[in-house]
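Student: Next up is a structure, given as structure tokens.
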Amino acid sequence: MRRAQKKALTALGLSGGLAFVVGSVLFLNPNRYTEGVYLFIFGSTAMLLERLGRLWLDGDG
């Protein structure tokens, strides 16, 4: 079970990082500013949750 949890956390972290980068690039286009903000917020939150999940799993064993 722990292996599946680690894979899920890795996917969450990677998707968060990708959303963070894409959102940052969208900030450069004034017409895409709103989409950039939402991706930036999603990416930041996903990376935070990934880190908290890893801390929880590492502290569990």
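Student: Read through the labelled values (1) 29, 9, 6; (2) 34, 22, 5; (3) 36, 23, 4 and report the label of the one computed as semi-axes √(5λ) of the Cα gyration tensor in Å from the structure.
Tutor: (1)
Student: Calculated from DSSP H runs of 4 or more alone, at -39500 (n - 2.57) each and per residue, what is the 222 nm mean residue ellipticity of the chain, nearest 500?
Tutor: Using -39500 (n - 2.57) per qualifying helix, the result is -31000 deg cm²/dmol.
Student: Express the relative contact order of the chain as a whole percentage, based on alpha carbon pairs under 8 Å and six or more residues apart in sequence.
Tutor: Once divided by the residue count of the chain, the mean separation gives 41 percent.
Student: Using only the alpha-carbon atoms, how far is helix 2-26 inclined from the longest principal axis of the chain? Give it as 0 to 90 degrees, nearest 10.
Tutor: With rounding to tens, the tilt is 10 degrees.
Since every read-out is calculated from the coordinates, none of them should be taken as a lab result. Since the structure is predicted, the reported quantities are computational estimates derived from the model, not experimental observations.
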